[in-house]
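Heads up: the structure comes next, in structure tokens.
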Amino acid sequence: MRKAGYGMLFFSVTGFVAASAFAAAPGHEGARNKIRLLAHGKYLVTRAAPCSDCHSPRDERGQFIAGRELQGAPLGFKPLHPLPGWRTAAPSIAGLPRGWSFDQTVHFLETGIMPGGSHAGPPMPPFRFNHHDALAIAAYLQSLPSRKEGR
Ligand code: HEC
């Protein structure tokens, strides 16, 4: 019993040493950059150009449903005058849009051109992010849980 206790201590000490070695490894700077990129993407998506207004589902009281951010939603508004091509729903973009690669998402955010060559219909705003912002947004979207089937 006592021996097992020392064993545990040994493992937690080596675990700590391994973790510190990892922290000092050259790859650590890359990890830190990734975290910075994600934080910037989160800032853009949630604070600067709130994508949730259209892309996140709400409950019957109009509150966003926790845990389902950006998983697609019916639009709660429409134009006073008919606008050609008006969409009635915003698709899920959590975990990247369905069937889109990371690079296709970055390209769309920079140019407005979808993988098929067309543009998104209204009311999707015609964003033209710079490359760094587009990378940050795509990384943040990719980090979100995508919509489960049947919800
Ligand atoms: C005012 C509402 C609105 C806002 C705000 C909005 N979107 Fe959209 N978005 C839409 C609609 C509607 C579509 C569907 C367009 C279509 O079907 O052609 C769409 C489509 C998209 C698509 C294409 C997805 C696909 O599967 O076709 C992406 C990617 C996207 N939006 C990302 C974003 C991001 C990122 C933001 C925030 C920076 C954002 N949108 C903000 C309404 C909005």
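The values are calculated or read from the model by the stated rules, or taken from the named source; none is laboratory data. Fair warning: this is a prediction, and the values are worked out from it, not measured in the lab. Here the Cβ is made from the backbone with ideal geometry for all residues, glycine too, and neighbour counts use every protein chain on show.
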With respect to G76, determine if the residue is more than 9 Å from the ligand (Cβ to nearest atom), out of contact with any Cys (no Cβ under 8 Å at 6 or more places or on another chain), in contact (Cβ under 8 Å) with a residue 12 or more places away in the chain and on the phi > 0 side of the Ramachandran plot. no
For residues in the range 50-80 being more than 13 Å from the chain's Cα centre (by Cα) and of a type in the set (A, V, I, L, M, F, W, C), which is farthest from L144 (Cα to Cα)? L80
Sort through P122, P115 and tell me the only one that's in contact (Cβ under 8 Å) with a residue 24 or more places away in the chain, out of contact with any strand residue (DSSP E or B) (no Cβ under 6 Å at 6 or more places or on another chain) and more than 15 Å from A48 (Cα to Cα). P122
Starting from residues that are within 16 Å of S92 (Cβ to Cβ) and not in a helix (DSSP H, G or I), keep the ones in the range 51-64 and report whichever is nearest to the ligand (Cβ to nearest atom). C51
Which members of the range 125-151 meet the condition of being surrounded by 17 or more Cβ atoms within 10 Å (Cβ to Cβ), over 11 Å from the mean Cα position of the chain (by Cα) and part of a loop (DSSP other than H, G, I, E, B)? F127, F129, R147
Residues satisfying the stated conditions in the range 84-113, i.e. surrounded by fewer than 16 Cβ atoms within 10 Å (Cβ to Cβ) and touching a helix residue (DSSP H, G or I) at 6+ places or on another chain (Cβ under 8 Å): G95, F102, I113
So, in the range 118-132, exactly how many residues are farther than 18 Å from R87 by Cβ and either modelled with pLDDT under 95 or more than 9 Å from the ligand (Cβ to nearest atom) (or both)? 4
So, of the residues in the range 81-100 that are among the small types (G, A, S) and more than 13 Å from the chain's Cα centre (by Cα), which turns out to be nearest to the ligand (Cβ to nearest atom)? A90
Identify, please: which residue in the range 35-77 is hydroxyl-bearing (S, T, Y) and surrounded by fewer than 18 Cβ atoms within 10 Å (Cβ to Cβ) and is, among those, farthest from L135 (Cα to Cα)? S52
Single condition A39 does not satisfy, out of (1) more than 7 Å from the ligand (Cβ to nearest atom); (2) assigned to a loop (DSSP other than H, G, I, E, B): (2)
